[in-house]
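Bear in mind that the values in this text are calculations on the coordinates, not laboratory data. None of these values were measured; they are calculated from a predicted model. So basically every Cβ, Gly included, is an ideal-geometry build from the backbone, and we count neighbours across all protein chains shown.
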Amino acid sequence: MEIIEHIDALRREGTLLADAAARTDLDAPVPTCPDWRLRDLVLHTGQVHRWAAAYVRDGHRELLDADGERAVTGPEPADADLVDWFRAGHAALVEALAGAPAGLDCWSFLPAPSPLAFWARRQAHETAVHRFDADAAAGAEGPRVATGLALDGIDELLRGFMAGSRARVRSEQPRTLLLQPTDGPGSWLLTISQEPLVVTAPGSTAPDQGTGVEAGADLTLTGPAHELYLLLWNRLPAERVRLTGDRSLLDLWRETAAVNWS
């Protein structure tokens, strides 16, 4: 996806999140984030938007410390002001990204063609996943994540977060998981071992990703990109996709696939 497509997705998903929050009691539980009420979700996402906008707008080249984070996120709003506060921060992030120069130089934390490309992509997916959470709190699943965005998000999650050295997706014995979207090109073959996750196209050898493994996977997940995307983010039950093979491998994913961006 291009930067402008990520910004458009961020704009759309943030608006949907705010709309879901506006029609729902802020004390409603978030089924997909069991420790949160809706106000926690809206506050968290709004703070992330302000934090991200600060890097893009101000060009911070180092990770902000706790005091710096508090300075850019500001005080927590009252419940009566929370949704409007969220909308304002979301709009400011969209504006910062849309107006940033292509050569923006600032801190980022995943591989990307540029810092601007990183922040546009990361915030589009941060917002899309939490929009799904907001809809869950509102009692309705809401619109499907667009196929292109879902495919892009699967790739970001796998190659950006889960293939990193700090990720905890590990197995004593090597095991393979094949992801096959039914509504888009390509697939992902994951080799899970005691080493960091290796992601390849089935049957390929990618020098920058490690040696490919033929696609006789221990477990294959097949379904629309929207379902695979949210399943991998632990937002949907396994029944939403077709599972072929060793289902305990999905249990391993659910237990260990926690995002750590630092």
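Brief remarks on what is shown
- Surrounding net charge for ASP19, when Lys and Arg each add one and Asp and Glu each subtract one, Cβ distance under 10 Å: +2
- Distant alpha-carbon pairs in the stretch 3-56 (separation over 14 angstrom), percent: 62
- Debye equation applied to the C-alpha atoms of the stretch 147-256, log10 I(q)/I(0) at 0.22, 0.23 Å⁻¹: -1.36, -1.51
- Which labelled figure in [x] 1.02; [y] 1.11; [z] 0.94 is Cα Rg over 2.2 N^0.38 Å, once derived from the coordinates: [x]
- Solvent-free Debye calculation, one equal scatterer per alpha-carbon of the stretch 31-135: log10 I(q)/I(0) at 0.13, 0.14, 0.15 Å⁻¹ equals -0.48, -0.55, -0.63.
- Each Cα pair under 8 Å and six or more residues apart adds its sequence gap; the mean of these over the residue count of the stretch 147-256 is a relative contact order of 25 percent.
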